[in-house]
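**Student:** Questions regarding the structure given below will be posed in turn.
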Amino acid sequence: MNDMYFTEEHQVFRQSFRDFLQKEVVPHIDKWEKTGTIDRFIWEKFGEMGYFGLNYPEEYGGLNLDVFYTIIFLEELQKVNSGGFAAAMWAHVYLAMTHVNAEGDDRIKEKYLTSSINGEKIGCLCITEPFGGSDVAGMRTTAEKKGDTYVINGSKTFITNGAYSDYLIVAAKTDTSSRNKGISIFIIDRTTKGISSTKLDKLGWKASDTAEIAFDNVIIPASNLMGEEGKGFPYIMNHFALERLVMGVNAHARAEFALEYAIKYMSERQAFGKTINKFQALRHKVADMASEIEMCKEFNYSIAKRLNEGQYIVKEASMSKLLSTKMADSVINDCLQILGGYGYMEEYPMARLLRDSRLGQIGGGTSEILREIIAKIVIDNKEYKQTT
Ligand SMILES: Cc1cc2nc3c(=O)[nH]c(=O)nc-3n(C[C@H](O)[C@H](O)[C@H](O)COP(=O)(O)OP(=O)(O)OC[C@H]3O[C@@H](n4cnc5c(N)ncnc54)[C@H](O)[C@@H]3O)c2cc1C
């Protein structure tokens, strides 16, 4: 345990969450990976246990705990080895619910935050569109104000929990003549007329439902606007720091899981009359991987602490995601190599890990976009400020 960041209470939580996952989740993972559907009962169990409310206010049923409980939640989720299951859970809590908590008014929070924390309602966050994800300000989905309603038209794609969620947090243009100043955020019930979704087939994250969603004259009450009209872009940017740290933490945790497995395998597998953990080529590889994981992990913990203290960590969270996801892909690839032919087999964990890990460098801001942000800060002295 790293006692610079984790207390005894954190450690007790880690052990109980790990036991819960082993008992309630692991036995179902292979089925959920095959069907691409996570049974509803597990959402309810997460809710009952309070796992969706770790960082949310007590008045809506949350536990209002520090960020290191979230770190433990994310790390342990990676260790059930289903990037898709983990993504379904963290996208609900740290993408959709983040907006509900930050921009929702009391009515919205009472209705959606409470039921998201107790596991009754599942949320998704809809930003990316078929015509482009990196260029958020270029989105084409529109929200036209008509009396006391908005009418939404357009489409979103690659949305995690996009097929089975109960509500959608949707970014849309309220002013089509403007780029980033024309975006607003809405909360929309899945059952609203005019919404349809199509589940997408993909390389990894098999247990999670990733979907394309169409909005055809979807009429919603004007009170479903979240926060102020035209402020959607800065709201999205505000939360990217958390999302990118989440993805950095996920990456160091799955790399650690892969390495622990590979080290155990090396101590059992024999070649040329000895266990393969005696071969210097593999030992040095392990030393490199352990060092890279530790560096990312320590960096991620240190910026989590700063986030917890209220600092706006745009540069650091971009660096975290950029390097941790690249490191995880490389470590998992090398761990697969250590398992030889077994690494390529589905009954061993590396094949799924390799597939699932690859999304890290794409979702929530590609590595190229992160380099753009970092370059603007370190070369052009650009300052990113949090919008309130
Ligand atoms: C499994 C999965 C789950 C996802 N979940 C969600 C979700 O829940 N909600 C959501 O809103 N989105 C989600 N996404 C979308 C994801 O965030 C986008 O795929 C990502 O932001 C990239 O957008 P794009 O796919 O349109 O690529 P594009 O923006 O078309 O980019 C294509 C390529 O061009 C590069 N590029 C683009 N602009 C620049 C530039 N200025 N400089 C250099 N290179 C550039 C990119 O890095 C990339 O390599 C998910 C995606 C996947 C695959």
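**Student:** So how many residues does the stretch 168-209 have that are under 30 Å from N81 (Cβ atoms) and either aliphatic (A, V, I, L, M) or out of contact with any Lys or Arg (no Cβ under 6 Å at 6 or more places or on another chain) (or both)?
**Tutor:** Count: 14.
**Student:** Filter the stretch 204-213 down to the residues that are within 11 Å of the ligand (Cβ to nearest atom) and within 17 Å of the chain's Cα centre (by Cα), then identify the one that is nearest to Y164 (Cα to Cα).
**Tutor:** Among them, the one singled out is D209.
**Student:** Let me ask you something else. Which one of the conditions (1) open to solvent by less than 20 Å² (accessible area, probe 1.4 Å); (2) farther than 18 Å from S197 by Cβ; (3) in contact with an Asp or Glu (Cβ under 8 Å, 6 or more places away or on another chain) does H99 fail to meet, given that it meets all the rest?
**Tutor:** Condition (3) is where H99 drops out.
**Student:** Another question, if that's okay. Taking R355, is it within 16 Å of the ligand (Cβ to nearest atom), basic (K, R), farther than 27 Å from Y5 by Cα and surrounded by 15 or more Cβ atoms within 10 Å (Cβ to Cβ)?
**Tutor:** Judged against the criteria, R355 is a match.
**Student:** With the structure loaded, tell me whether S82 is hydroxyl-bearing (S, T, Y), open to solvent by less than 10 Å² (accessible area, probe 1.4 Å), within 16 Å of the ligand (Cβ to nearest atom) and more than 18 Å from Y167 (Cβ to Cβ) or whether it fails that test.
**Tutor:** Spelling it out, S82 is indeed hydroxyl-bearing (S, T, Y), open to solvent by less than 10 Å² (accessible area, probe 1.4 Å), within 16 Å of the ligand (Cβ to nearest atom) and more than 18 Å from Y167 (Cβ to Cβ).
**Student:** Pick from the stretch 358-371 the residues that are in contact (Cβ under 8 Å) with a residue 24 or more places away in the chain and part of a loop (DSSP other than H, G, I, E, B): which of them is surrounded by the fewest Cβ atoms within 10 Å (Cβ to Cβ)?
**Tutor:** T366
**Student:** Provide a single number: the residues in the stretch 178-191 that are at pLDDT 95 or above and open to solvent by 30 Å² or more (accessible area, probe 1.4 Å).
**Tutor:** Of the residues in that region, 3 qualify.
Yes/no matrix, rows are residues, columns are (1) in contact with a Phe, Trp or Tyr (Cβ under 8 Å, 6 or more places away or on another chain); (2) within 29 Å of Q361 (Cβ to Cβ):
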position	(1), (2)
N161	no, yes
S165	no, yes
S178	no, no
I195	yes, no
G204	no, yes
S208	yes, yes
A214	no, yes
N217	no, no
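**Student:** Is there any pair with a first residue in the stretch 85-96 that is under 18 Å from K199 (Cβ atoms) and part of a helix (DSSP H, G or I) and a second that is of a type in the set (V, I, T) and more than 11 Å from the ligand (Cβ to nearest atom) whose Cβ atoms are under 6 Å apart and which are 6 or more apart or on different chains, and what are they?
**Tutor:** That search, which allows pairs on different chains as well, returns A88/I38; H92/I122.
**Student:** Would you check which residues across the stretch 147-172 are part of a loop (DSSP other than H, G, I, E, B) and within 12 Å of the ligand (Cβ to nearest atom) and list them?
**Tutor:** Once the filter is applied, which keeps residues that are part of a loop (DSSP other than H, G, I, E, B) and within 12 Å of the ligand (Cβ to nearest atom), the stretch 147-172 yields N161, G162, A163, S165.
**Student:** I'm trying to understand the selection: among the residues of the stretch 192-237, which are open to solvent by 20 Å² or more (accessible area, probe 1.4 Å), more than 17 Å from T157 (Cα to Cα) and polar (S, T, N, Q)?
**Tutor:** T192, N217, S223
**Student:** Which numbered condition trips up A137, out of (1) part of a strand (DSSP E or B); (2) over 19 Å from the mean Cα position of the chain (by Cα)?
**Tutor:** (1)
**Student:** Taking the stretch 102-154, which residues are among the hydroxyl-bearing types (S, T, Y), in contact with a Gly (Cβ under 7 Å, 6 or more places away or on another chain) and open to solvent by less than 20 Å² (accessible area, probe 1.4 Å)?
**Tutor:** Those that are among the hydroxyl-bearing types (S, T, Y), in contact with a Gly (Cβ under 7 Å, 6 or more places away or on another chain) and open to solvent by less than 20 Å² (accessible area, probe 1.4 Å): Y112, S116, T141.
**Student:** Considering S165, S155, which residue is under 18 Å from E212 (Cβ atoms) and under 17 Å from the mean Cα position of the chain (by Cα)?
**Tutor:** Sole residue among the options that is under 18 Å from E212 (Cβ atoms) and under 17 Å from the mean Cα position of the chain (by Cα): S165.
**Student:** Same structure again: Suppose we filter I38, I29 for residues that are surrounded by 15 or more Cβ atoms within 10 Å (Cβ to Cβ) and not in a helix (DSSP H, G or I); which single one remains?
**Tutor:** I38
**Student:** Turning to a different aspect of this structure: Take the residues in the stretch 238-271 that are small (G, A, S) and within 19 Å of D288 (Cβ to Cβ); name whichever of them is most open to solvent (accessible area, probe 1.4 Å).
**Tutor:** Looking at the filtered set, the residue picked out is S267.
**Student:** Just name the residue that is nearest to the ligand (Cβ to nearest atom) out of those in the stretch 88-146 that are among the aromatic types (F, W, Y) and more than 13 Å from F186 (Cβ to Cβ).
**Tutor:** Here the residue is F131.
**Student:** Just one of I338, I379 is among the β-branched types (V, I, T), surrounded by fewer than 16 Cβ atoms within 10 Å (Cβ to Cβ) and at pLDDT 95 or above; which is it?
**Tutor:** After ruling out the rest, the residue left standing is I379.
**Student:** Now for a different question. Please go through the stretch 156-177 and give me each residue that is open to solvent by less than 30 Å² (accessible area, probe 1.4 Å) and of a type outside the set (V, I, T), ordered by number.
**Tutor:** K156, N161, G162, A163, S165, Y167, L168, A171, A172, K173
The values are calculated or read from the model by the stated rules, or taken from the named source; none is laboratory data. Bear in mind that the values here come from a model prediction, so they are computed numbers and not experimental data. In this analysis, Cβ positions are derived from the backbone assuming ideal geometry, glycine residues included, and neighbour counts consider all displayed protein chains. For the accessible areas, the whole protein counts, side chains as well, though only heavy atoms, and no ligand, DNA or RNA atoms are used. Shrake-Rupley method; radii C 1.70, N 1.55, O 1.52, S 1.80 Å.
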